[in-house]
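Data first, discussion second: the structure below is written as structure tokens.
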Amino acid sequence: MALAILATPSFARVVKKLHPQDKAVLDTAVQAIAADPALGDEKRGDLNGVFVYKFKLNKQETLLAYRLQPDKLVPEALVLLANKSISINY
């Protein structure tokens, strides 16, 4: 069974501002997560139950936060929470 993909209003606002080619890259990342929900790393502590998937967007590492509903063992929906670009200084 395919997962229902839901987005929070804050996620939708961020995606609305992306360029079409960036939206295509984000869509590919979301499809990868929908195919394998355990693809991201689960956070611990206060963020328990939130997963983070890392991917490249415009040569920059981007984090995609999501939650599996109703639980992570038998998910029915993928809720997209946030999209954050990070820069790594070496």
Exercise. When you scan region 34-56, how many residues do you find that are under 14 Å from N83 (Cα atoms) and surrounded by 12 or more Cβ atoms within 10 Å (Cβ to Cβ)?
Worked result: 7
Exercise. If you scan region 41-85, which residues turn out to be assigned to a loop (DSSP other than H, G, I, E, B) and either within 18 Å of A2 (Cβ to Cβ) or at pLDDT 90 or above (or both)?
Worked result: K43, R44, P70, D71, K72, L73, V74, P75, E76
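Those residues that are over 24 Å from E76 (Cβ atoms), of a type in the set (D, E, K, R) and at pLDDT 90 or above, I need them from region 17-33; list them, please.
Step one: list which residues in region 17-33 are over 24 Å from E76 (Cβ atoms), which gives 17-25.
Now narrow it down to the ones that are of a type in the set (D, E, K, R): 17, 22-23.
Those that are over 24 Å from E76 (Cβ atoms), of a type in the set (D, E, K, R) and at pLDDT 90 or above: D22, K23.
The values are calculated or read from the model by the stated rules, or taken from the named source; none is laboratory data. Note that the structure is a prediction, hence the values are computed from the model and not measured. We place every Cβ from the backbone using ideal geometry, glycine too, and count neighbours over all the protein chains shown.
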